[in-house]
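Please read the structure below before turning to the comments.
The values are calculated or read from the model by the stated rules, or taken from the named source; none is laboratory data. These figures come from a predicted structure and were not determined experimentally. Here the Cβ is made from the backbone with ideal geometry for all residues, glycine too, and neighbour counts use every protein chain on show. We work out accessible area using only protein heavy atoms, side chains counted, and drop any ligands, DNA or RNA first. Shrake-Rupley method; radii C 1.70, N 1.55, O 1.52, S 1.80 Å.
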Amino acid sequence: LLTVRVIGNEIGQYLRRKESERVLRESEARFRSLTEISSDLYWETDTEMRFTRAVGTAYVPVERFIGKTRWELPGLQWSDKEKLDFRALVEARRPFRDSVSRFIDPEGKPRYINVNGDPMYDEQGRFAGYRGTAREVTDAMRREEALTRFRAAIDVSADMVVLVDPVRMRYVDVNEAACRRLGYSRDELL
């Protein structure tokens with residue numbers, strides 16, 4: 001009877017361990033899937049902010065990240081102020097969201113990335129680095145730049161420019177000359 005209990009306990013422990021392993025595998029698979037769906041790149045750094053892990057479909061070969069800090073990445077175009085502001089943020093161990101940077105890819109083309117990161121801590125509460133995601137936002141940034149150029153171009157015109165939605169017959173945009181001539185603010189006209 002003692003042998004049966006011992007074997008029963010061992011089988012029970014084995015089955016509980018196997019179930020725990022299965023639950024852990026499923027959790028890791030969900031995390032991996034969510035990360036891949038929501039970003040182009042998952043990354044981690046050490047306490048010195050050097051990349052230790054970079055996984056995903058990146059805009060540059062991920063092996064170029066390993067061992068470097070974000071401000072050392074090839075092609076990244078940051079002003080000195082942007083570099084100092086970012087370093088102060090991570091030295092304060094603060095999370096960051098929507099940190100957009102411009103860089104030149106290996107083919108010499110300008111690209112934009114949006115980076116999010118959170119500090120990591122070990123079991124004793126000591127800072128262990130950062131982890132986060134990155135997504136390329138080049139197309140969105142180019143559209144925004146084109147819109148900015150368009151706005152600047154119509155605002156310098158001395159002629160009244162009024163854009164109308166042909167379906168709803170409502171103003172969708174007006175320039176400064178239109179506002180002056182019609183006597184309304186842009187917000188009032190739109």
Item to check | Per residue, in Å², the accessible surface of the chain once ligands and nucleic acids are set aside, probe 1.4 Å | outcome: 70 Å²
Checklist entry - What size of dipole, in debye to the nearest 20, comes out for segment 53-136 about its Cα centre when the only charges are +1 on Lys and Arg C-beta atoms and -1 on Asp and Glu C-beta atoms? => result 60 debye
Checklist entry - Compactness ratio of segment 45-190: Cα Rg over 2.2 N^0.38 Å, N = residue count? => result 1.49
Checklist outcome for this item: About its Cα centre, the chain carries a charge dipole, from +1 on Lys and Arg Cβ atoms and -1 on Asp and Glu Cβ atoms, whose size in debye to the nearest 20 is 360 debye
Next on the checklist: Which residue fluctuates most in the GNM of the chain (Cα springs below 10 Å): 49, 169, 141?
Outcome noted: 169
Next on the checklist: Out of the trypsin sites (Lys or Arg not before Pro) in segment 85-120, which ones are loop residues according to DSSP with at most 13 other C-beta atoms within 10 Å?
Outcome noted: 93
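Go ahead and estimate [θ] at 222 nm for the chain from helices alone: -39,500 (n - 2.57) per DSSP H run with n ≥ 4, summed, over the residue count, rounded to 500.
-14000 deg cm²/dmol
Quick one: with all protein chains in place, what share of the accessible area of segment 58-108 is carbon or sulfur, to the nearest percent (1.4 Å probe)?
About 49 percent, which is the carbon plus sulfur part of the accessible surface.
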Checklist entry - Across segment 84-137, how large is the tail of the calculated P(r) beyond 19 Å, expressed as a percent of all Cα pairs? => result 39 percent
Checklist entry - Could you give the dipole magnitude of segment 62-105 about its Cα centre, charging the beta-carbon of Lys and Arg +1 and that of Asp and Glu -1, in debye to the nearest 20? => result 160 debye
Checklist outcome for this item: Those chymotrypsin sites (Phe, Trp or Tyr not before Pro) from segment 63-135 that are DSSP loop and have at most 16 other Cβ neighbours within 10 Å turn out to be 78
